[in-house]
Amino acid sequence: MVMAAIAFEEQRSDFQFGPDVKWSELPVPFRPRVEDAGVRAMYARLARDYEAEPTVPDLGGGVPGDLYQL
Amino acid sequence: MTDRLYLPPNGAEILQGDIFDQMPSVYVESRPLLVGRRWKQDDTRDIWQVHREDGPGPNGGFKWRMDQGGESGMLVHAHLGMAIVLSHDCEIENDRSARTLAMIRPIGQLKEAAQEALFSGRPGDGFYAIFPLERQTDDPKLERSFVDFRRLTTMRPDVLAASRRIASLSEELRSAVAQSFKLYLFRRVERPAADVR
């Protein structure tokens, strides 16, 4: 699947995915660039930007102590 | 078939990007603030008294400060409608206090030109403060609408547990909403070279 995506990047104009390959299932760095307009293209662009951000340590969540009361 | 943007809620676990129906979105419109205190109850109603913040106040005074617990009955403007969970999954897992949701509004609340710009997907078009939600005709169905990042409401987790969840976002759409929210709050704006010092 990854190889197929790389091939797509290199031969974007004429590459055809097989019937069982979906863009959304490809690892993000290998997804084709979506350059067409349209709201779904915008979703793909934003998601790619988001997932390209550096990750941070997992600190869990919440705050210490009892702050349940407003 | 096009990949679905919205998926049926998956199990009991609430996740970032989940969409709820009939959720409160509250908004403080003006001052002086109005504070309600329960006065009495009959068979069908709670009867409250309302006090202006600049008035004499209720017996014992207002309880605004943190160490007084705050006022729990302030009168504010509110809608009930769809809302999307913005709290991070790690916060949902570990924080017992607060969940943050953004209002989802029907597309008809925007002028047609704004609708076109919002859903065009053109880079540099659209708006940072709102995010387009495309229509889906498969279950879970959703009409064209938009997230209003300006209209956030925080609530206790129990409020979500007692409410109706209608959909979860696809992984890609979740990431897109996250990036869009980040840009709304923390975008770095291009400036003409002359303005850069």
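The values are calculated or read from the model by the stated rules, or taken from the named source; none is laboratory data. Here the structure is a predicted model, which means the values were calculated and not measured. Virtual Cβ from ideal backbone geometry, glycine too; neighbours counted across all protein chains shown.
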Output yes when any residue across the stretch A:46-64 is at pLDDT 60 or above and under 16 Å from residue B:3 (Cα atoms), and no when none is. yes
Could you tell me whether residue B:108 is within 12 Å of chain A (Cβ to nearest Cβ) and free of Cβ contacts under 8 Å to residues at least 12 places away in the same chain? no
Applying the selection to the stretch B:81-98, what residues are more than 11 Å from chain A (Cβ to nearest Cβ) and either surrounded by 21 or more Cβ atoms within 10 Å (Cβ to Cβ) or part of a loop (DSSP other than H, G, I, E, B) (or both)? B:82, B:83, B:84, B:85, B:86
Does the stretch B:164-183 contain at least one residue that is free of Cβ contacts under 8 Å to residues at least 12 places away in the same chain, of a type outside the set (D, E, K, R) and more than 8 Å from chain A (Cβ to nearest Cβ)? no
So, in the stretch B:110-157, how many residues would count as being assigned to a strand (DSSP E or B), surrounded by 14 or more Cβ atoms within 10 Å (Cβ to Cβ) and of a type in the set (D, E, K, R)? 2
Please enumerate the residues belonging to the stretch B:158-177 that are farther than 16 Å from residue B:103 by Cβ and part of a loop (DSSP other than H, G, I, E, B). B:162, B:170
Residue identified as modelled with pLDDT of 95 or more, surrounded by fewer than 10 Cβ atoms within 10 Å (Cβ to Cβ) and of a type in the set (Lys, Arg) among B:45, B:52, B:31, B:65: B:31
State whether the residues of the stretch B:178-196 include one that is at pLDDT 95 or above, touching a Gly at 6+ places or on another chain (Cβ under 9 Å) and either of a type in the set (D, E, K, R) or not in a helix (DSSP H, G or I) (or both). no
Given B:173, B:169, B:160, which one is in contact with a Lys or Arg (Cβ under 7 Å, 6 or more places away or on another chain), crowded, with 19+ Cβ neighbours inside 10 Å and modelled with pLDDT of 95 or more? B:160
Please work out which one of (1) outside the structural domain of residue B:132 (by TED's automatic domain parsing); (2) surrounded by 16 or more Cβ atoms within 10 Å (Cβ to Cβ) is the condition residue B:70 fails and give its number. (2)
